[in-house]
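Below is one structure, written out as structure tokens; the observations come after it.
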Amino acid sequence: MSPNNPVLSHHISSQFNEDMQDVNTKFMTMGGLVEQQVANAIHALLDTDVSMAVDVQFQDNTVNRYETEIDEALTLILARRHPAAIDLRMVIAMSKANTDLERIGDEAAKIGRIAQSLCEEGGSPRGYMETRHIGNQVRVMIHDALDAFARLDVDQALKVLLADADIDREYQSATRTLMTYMIEDPRHITRVMNVLWVLRSLERIGDHARNISEQVIYMVKGLDVRHTSVEEIELKVQR
């Protein structure tokens, strides 16, 4: 969200621009931390790295601190600048995206806890291939969602929405495969259930990346596209 962005350039109040730029810088820093936290959580699980699994859980404290600081900064902007119209949309969108980033961090920490447990038990259970594949897709989604937010790129935001639909389908397929495996070999139920919880966290991370992308569309187009199919969203943004 650069100072030369057309969405910002119309403001009479340069102070509003400066305030939002400060918050946006912090938001993007938090986004980078969360993106790395997810990558580290997946790495810790797949490479049985106990040290990294523990570190991912500690990283969540930093993410939580950023969330609080951003919330406080946005509250001050509302109180001091009394934004309206597109200005208000920007503040609201940033606030909601901030919450989604923090929740991605929570899911990464959860994966870190499960990774720590599985590492200490030893051995790789079934489902790691699916975890690697979906995990890589989710990491790309987070990166693309943050990029779309930074550049207010609606086309990029739509790409993230389409990717989320793909991840939902792959998550359902992986879940069915692992459930069948547990029925056929009950000895590994506990360990495979942990992998299922990891996949569930990855699916939720994808949902939060989608939410961030929906806020891009809200900022640029003024459209609330929550609970709307991708096909409907594409029609709306093209009008």
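The values are calculated or read from the model by the stated rules, or taken from the named source; none is laboratory data. Keep in mind that what you see is a predicted model, and the values were worked out from it rather than measured. When we count neighbours, we look across all protein chains shown, and the Cβ atoms used for this are built from the backbone with ideal geometry, even at glycine. For accessibility, only protein heavy atoms count, side chains too; no ligands or nucleic acids. Shrake-Rupley method; radii C 1.70, N 1.55, O 1.52, S 1.80 Å.
Among the residues of the range 164-174, those that are more than 17 Å from residue 45 (Cβ to Cβ) and either in contact with a Lys or Arg (Cβ under 8 Å, 6 or more places away or on another chain) or open to solvent by 80 Å² or more (accessible area, probe 1.4 Å) (or both) comprise 164, 169, 172.
A quick yes/no check of all residues on (1) aliphatic (A, V, I, L, M); (2) closer than 13 Å to residue 205 by Cα:
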site	(1), (2)
102	no, yes
105	no, yes
111	yes, yes
114	yes, no
118	yes, no
129	yes, no
132	no, no
137	no, yes
149	no, no
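Within the range 208-234, being in a helix (DSSP H, G or I), without any contact (Cβ under 8 Å) to a residue 60 or more places away in the chain and either closer than 20 Å to residue 152 by Cβ or open to solvent by less than 50 Å² (accessible area, probe 1.4 Å) (or both) holds for one residue alone: 214.
Contact map, the range 159-182: first residue touching a residue at least 24 places away in the same chain (Cβ under 8 Å), second residue of a type outside the set (D, E, K, R) and open to solvent by 50 Å² or more (accessible area, probe 1.4 Å), Cβ cut-off under 6 Å, separation 6 or more or different chains; pairs are 167/137.
Pairs linking a residue in the range 141-155 that is crowded, with 24+ Cβ neighbours inside 10 Å to a residue that is outside any helix (DSSP H, G or I), with Cβ atoms under 9 Å and 6 or more positions apart or on different chains, are 149/1.
Residues being in a helix (DSSP H, G or I), in contact with an Asp or Glu (Cβ under 9 Å, 6 or more places away or on another chain), open to solvent by 30 Å² or more (accessible area, probe 1.4 Å) and over 13 Å from residue 47 (Cα atoms) are represented in the range 126-133 by at least one member.
Of all residues in the range 81-99, those satisfying the criterion of being over 13 Å from residue 23 (Cβ atoms) and at pLDDT below 95 are 82, 84, 85, 86, 88, 89. Among the residues of the range 37-51, those that are free of Cβ contacts under 8 Å to residues at least 12 places away in the same chain and part of a helix (DSSP H, G or I) comprise 43, 51. Looking at the range 100-123, is at least one residue open to solvent by 20 Å² or more (accessible area, probe 1.4 Å), small (Gly, Ala, Ser), assigned to a loop (DSSP other than H, G, I, E, B) and at pLDDT below 95? Yes.
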